[in-house]
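Okay, so here's the structure we're looking at.
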Amino acid sequence: MYVNSDLALCLVDEASAGRADDADKVWRSAIREAIACNVPIEHVANRANVSVEDILSIVSESQVVPA
């Protein structure tokens, strides 16, 4: 599914409003989708109400390949 950057940020907004904690899978997925859509990481962090370091951590989790 193709998502444009504006829609990706809206999804981050919605997921951030409804998240219970930092382990929320929908919230993490929305963040990864926004980064995949080339939304600047600072914008994603601002919309998700977390630091850039937190965003980098979430994105790097999705790149780990199980042994």
With label points set 7 Å from each Cα along the Cα-to-Cβ direction at ALA20 and ASP54, the distance between them in nm comes to 1.8
Computed over the chain, the convex hull of the Cα set has an average projected area, in nm², of 4.6
Note to self, the chain gives a 222 nm [θ] from helices alone (DSSP H runs n ≥ 4, -39500 (n - 2.57) apiece, / all residues, nearest 500) of -20000 deg cm²/dmol
Residue by residue through the stretch 42-53, the couplings from Karplus 6.51 cos²θ - 1.76 cosθ + 1.60 with θ = phi - 60°, in Hz, x for Gly and Pro, are 5, 5, 4, 4, 4, 5, 8, 6, 9, 7, 4, 4
Quick calc: nm separation of the 7 Å Cα→Cβ label points for ASN4 and HIS43 -> 1.2
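None of the figures in this text is laboratory data; all of them are computed from the coordinates on show. Values in this document were obtained by computation on a predicted structure and should not be read as measured data. Neighbour counts run over all protein chains shown; Cβ positions are idealised from the backbone, glycine included.
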